[in-house]
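Right, one structure below, let's go through it.
The values are calculated or read from the model by the stated rules, or taken from the named source; none is laboratory data. Quick caveat: nothing in here was measured; it's all calculated off a predicted structure. Cβ atoms come from the backbone with ideal geometry, glycine included; neighbour counts cover every protein chain shown. Just so you know, the surface numbers come from the protein's heavy atoms only, side chains and all, with ligands and any DNA or RNA stripped out. Shrake-Rupley method; radii C 1.70, N 1.55, O 1.52, S 1.80 Å.
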Amino acid sequence: MIPRIDDAEAAARALARAESILVITGAGMSAESGIPTFRGPDGLWEGRSVEDVATPEGFARDPAGVWQWYSDRRRNCLQTEPHAGHVALARLEHGHRAPVTIATQNIDGLHRRAGSGDVIELHGSLFTTRCSKCSHQVPEDRAFYSEPPTCEYCGAPMRPGVVWFGEMLPADRLLRAQALSQECDVVLVVGTSAVVQPVASLPLYARHSGATLVEVNPQETPLTPVCHFAFPHAAGEVLPQLVDRALAMVE
Ligand code: OAD
């Protein structure tokens with residue numbers, strides 16, 4: 001199948017008619033807010049050992065170094081603002097009669113700050129903290145650490161509340177996203193290279209269940225050939241226009 005490129009009218013119609021919409025976002029969604037993506041030149045993983053900062057083993061080796069890295073990312077994220085694309089997705093949720101859920105791989109909190117209410121943070125959040133040993137979690141933590149804080153219950157080091165390589169995604173969140181991918185009518189996939197599992201498979205489940213797939217990404221991805229519509233441009237450019245058109249058609 002060849003996706004229809006830049007057919008905003010037809011993609012907006014599919015969104016307007018949908019009874020349930022799932023939006024899947026990745027790092028490219030936040031690029032225009034000034035947060036670097038992971039892959040490619042100047043990406044967060046470029047020249048950096050993922051094993052050092054994004055695995056439980058890396059944290060066990062150097063908890064202070066890992067906390068320093070995440071504290072820097074907290075600081076960077078707090079200095080950024082959601083852009084017009086984030087705001088458009090919040091408008092879609094609040095202006096459409098159908099439920100609109102965002103399943104994001106991003107840990108930056110920008111969707112909620114833009115006003116989206118139904119956000120599944122599949123890879124956790126930069127602004128939560130949990131114990132590396134017991135199940136204690138701190139749901140909102142905006143402090144900057146150069147030494148790991150300790151768990152108030154068991155005394156073990158607290159760690160960032162994000163998913164690291166080799167770890168399972170939170171089961172309840174993944175199950176909800178998988179269920180939605182099989183029930184929804186439209187999946188809007190924005191700013192992900194679609195190479196990291198299990199999120200990369202969600203649009204495929206949706207496609208198999210009959211959903212219309214719409215991709216917004218300046219680069220082609222492994223998903224592009226199975227999409228019905230592709231917009232090879234930036235999220236902040238495409239989403240406001242697409243959402244305006246869709247909301248104008250919602251009855
Ligand atoms: P990537 O860095 O792999 O991909 C970012 C995608 O965004 C690329 O396909 C870009 O073409 C696209 N992009 C860049 N600018 C854009 C813009 N303005 N508008 C729309 N798209 C744009 O990021 P993810 O796919 O999110 O996991 O990566 C998935 C996971 O891999 C991350 O959550 C992280 C990483 O390792 C963990 O840390 C567990």
* Structure fact -> Result of the Cβ filter at 6 Å on the stretch 163-190, keeping first residues that are farther than 21 Å from Phe127 by Cβ and touching a residue at least 24 places away in the same chain (Cβ under 8 Å) and partners that are of a type in the set (Ser, Thr, Tyr) and within 16 Å of the ligand (Cβ to nearest atom), at least 6 apart or interchain, is Gly166/Thr55; Val190/Thr25
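In the set Pro41, Pro56, which member is within 15 Å of the ligand (Cβ to nearest atom), open to solvent by 20 Å² or more (accessible area, probe 1.4 Å), out of contact with any Gly (no Cβ under 6 Å at 6 or more places or on another chain) and farther than 24 Å from Ala177 by Cβ?
The unique qualifying residue is Pro41.
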* To do: Specify the residue that is nearest to the ligand (Cβ to nearest atom); the eligible residues are those in the stretch 229-249 that are open to solvent by 30 Å² or more (accessible area, probe 1.4 Å) and more than 19 Å from the chain's Cα centre (by Cα).
  => Gln241
* Structure fact -> Among Val189, Val214, the single one that is within 16 Å of the ligand (Cβ to nearest atom), part of a strand (DSSP E or B), among the β-branched types (Val, Ile, Thr) and under 13 Å from the mean Cα position of the chain (by Cα) is Val189
* Structure fact -> All conditions in (1) open to solvent by 90 Å² or more (accessible area, probe 1.4 Å); (2) touching a strand residue (DSSP E or B) at 6+ places or on another chain (Cβ under 9 Å); (3) more than 16 Å from Arg61 (Cα to Cα) are true of His136 except (1)
* Structure fact -> Among helices (runs of 4 or more DSSP H) completely within the stretch 1-73, the ones holding 1 or more residues that are modelled with pLDDT under 95 are 50-53, 56-61
* Structure fact -> Exactly one of Thr129, Thr80 is part of a strand (DSSP E or B) and touching a Gly at 6+ places or on another chain (Cβ under 7 Å), and that one is Thr129
